[in-house]
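The values are calculated or read from the model by the stated rules, or taken from the named source; none is laboratory data. Note that the structure is predicted; figures quoted are calculated from it, not measured. Because the Cβ atoms are built from the backbone with ideal geometry, glycine has one as well, and the counts that use them run over all protein chains shown.
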Amino acid sequence: MIKYNIKCENNHEFESWFSDSDEFDKLNKKKLLECIYCSSKKIRKSIMAPMVFGKQLKKEDGLSLLDKKLLNEKSELLKIREYIEKNFEFVGDKLSQKAREVYYDKRTKKSIYGTATSEERDELEEEGIDLLSVPWVDKDN
């Protein structure tokens, strides 16, 4: 997994996870990525700074910094989850069936989310139907 800082044409910035560096390029080329704030499909990677610890950093300081970073990541993932729940229709384990309905009926502009097995995801990919996997953070944890 790799995380990118992403910016849209309206300079909204957000972060997103991808399975590898090629996945961002593939999804962006097919216009499957959009800004979580304004839905713009003109997306680009922005400058990223990896977290690097210097030699003088104490172990306790590193853990505290890491804990803060994890809390920030969880907060961002919760924002994404809330956006999806607010703006997409939940289809549960019928995701592969519903994704096909939306894909093959070009008049439908419905946004959906749900769950699919790895086999179902592979079958959809073979048909040219791309899915975006989002780490689903538990609200209560």
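Summary table
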{"quantity": "Cβ pairs under 6 Å, 6+ apart, first in the range 21-38 and without any contact (Cβ under 8 Å) to a residue 40 or more places away in the chain, second among the polar types (S, T, N, Q) and surrounded by fewer than 13 Cβ atoms within 10 Å (Cβ to Cβ)", "calculated": "Cys38/Asn10"}
{"quantity": "Residue count, the range 94-141 (criterion: part of a helix (DSSP H, G or I) and in contact with a Phe, Trp or Tyr (Cβ under 9 Å, 6 or more places away or on another chain))", "calculated": "2"}
{"quantity": "Given (1) touching a residue at least 40 places away in the same chain (Cβ under 8 Å); (2) touching a strand residue (DSSP E or B) at 6+ places or on another chain (Cβ under 9 Å); (3) loosely packed, with under 11 Cβ neighbours inside 10 Å, number of the condition Gly92 does not satisfy", "calculated": "(1)"}
{"quantity": "Selected residue (criterion: modelled with the lowest pLDDT) from residues of the range 9-51 that are of a type in the set (Gly, Ala, Ser) and farther than 24 Å from Phe88 by Cβ", "calculated": "Ala49"}
{"quantity": "Subset of the range 3-39 [among the basic types (Lys, Arg) and at positive phi]", "calculated": "Lys31"}
